[in-house]
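Everything on this sheet refers to the single structure shown next.
Values in this text are rule-based calculations from the coordinates and carry no lab data. Remember, it's a predicted structure, so these values are computed and weren't measured experimentally. With ideal geometry, Cβ positions are generated from the backbone for all residues, glycine too; neighbour counts draw on all protein chains shown.
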Amino acid sequence: MPRAAGGQDMTMSSMVADETALPARRHLNGAPVHVGVIMDGNGRWAARRGLPRIEGHRRGLEALRETVRAAIDFGLDYLTVYSFSMENWNRPVQEVADLMALLKRFIRNDLNELHKSGVKVKVIGARANLKADIRALLDEAEDKTKANSRLTLVVAFNYGSRQEIAAAARALAEEVTAGLIKASEIDEMLFARHLDTAGIPDPDLIIRTSGEQRLSNFLMWQAAYSEFVFLPMHWPDFDRQAFSAALAEFSGRDRRFGGVTGQYRNGKLLAGAAKT
Ligand code: FPP
């Protein structure tokens, strides 16, 4: 059966009037399918305790582990975590090295457990300027878990949304130049298929810890209709209870996708419903 960028069956299109919104299988009972997390505040958590920043990141990794386990228990399909942005290269050399080491530790120590739990790992972001050992670990994580389907853990590493969008535009321009597509064929669906997140539904909910209220170059295209929950706690303090409370807040939100209440099912405009 043909699949659209968001992974939905194309035959669903006969039931809906709008092809642009990506699917959300469990919206009917108020639970999100895809949650994105901006894991912010590790440094401040450490500073408050008089600890080095790396200690905040280590505790942040613990919180990430608990979050993945909770995401499985809560029945999410996708969890995307912002673990290293392209702008994070501007941090002190030692901190960058510490974050690279933490990623390696996470994959080396946790990959087997993730695999046994049915987690599929997908990494988004640029690979080319990463060291060969890191690239190999990311490839191994994706390859080993590619057949899993319980939860897709999307690790945004060396990721930047503007850079991702520019790369998609570049790839499309090259296809036009090569005569593979016409410029007039470029629409939202085709563009989305050229992003790192091709095939992944847009995040329903984005959670950011540490009290900051911004996207910081995270999933800017994909977050067009995401709900946001900003939490005052720093990332190392994020736990299952905080996650559950954020999901409860999400379930009380009225998502209209530019329409009016009751027009949408599974993130898509119902046939016959007028778009506003
Ligand atoms: C933001 O806090 C956090 C990061 C830049 C890194 C996030 C990393 C982890 C949660 C650990 C797991 C790591 C990997 C690579 C899997 P911040 O350092 O900006 O905190 P601050 O704003 O208080 O300084």
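What are the ³J(HN,Hα) values, in whole Hz, obtained from phi via the Karplus relation 6.51 cos²θ - 1.76 cosθ + 1.60 with θ = phi - 60°, for each residue of segment 225-241 in sequence order, with x given for Gly and Pro?
Ordered by residue, 3J(HN,Hα) equals 10, 6, 8, 10, 10, 9, 10, x, 5, 7, 3, x, 8, 5, 9, 4, 5 Hz.
Let me make sure I get this right: for segment 152-217, a, b and c are the square roots of the gyration tensor eigenvalues over alpha carbons, sorted descending. Under 1.5 in a/c it's rounded, otherwise prolate if a/b > b/c, else oblate. Which is it?
Verdict is prolate for segment 152-217.
Using the basic label-point model (7 angstrom from Cα toward the beta carbon), what is the residue 112 to residue 240 distance in nanometres?
It works out to 2.3 nm between the two label points.
Need one number: convex hull volume per residue for segment 118-160, Cα atoms only, in Å³.
On the way: hull volume 2.3 nm³, N = 43.
In segment 118-160, the Cα hull volume divided by residue count equals 53 Å³.
How far apart, in nanometres, would the label points at residue 65 and residue 182 be if each is projected 7 angstrom from Cα along the Cα-to-Cβ direction?
Placing both labels 7 Å beyond Cα along the Cβ direction yields 5.6 nm.
Considering all projection directions equally, how large on average is the shadow of the alpha-carbon convex hull of segment 51-113, in square nanometres?
4.9 nm²
Say each of residue 144 and residue 256 gets a label point 7 Å from the Cα, pointing the same way as Cα to Cβ; how far apart are those two points in nm?
So the two model labels end up 4.8 nm from each other.
Going by amide H atoms built from the backbone, whose H comes under 5 Å of the H on residue 206, apart from near neighbours?
Sorted by chain and number, the residues that satisfy this are 36, 227, 228, 229.
So, with +1 on the Cβ of K and R and -1 on the Cβ of D and E, and no other charges, what is the size of the charge dipole of segment 33-135 about its Cα centre, to the nearest 20 debye?
240 debye
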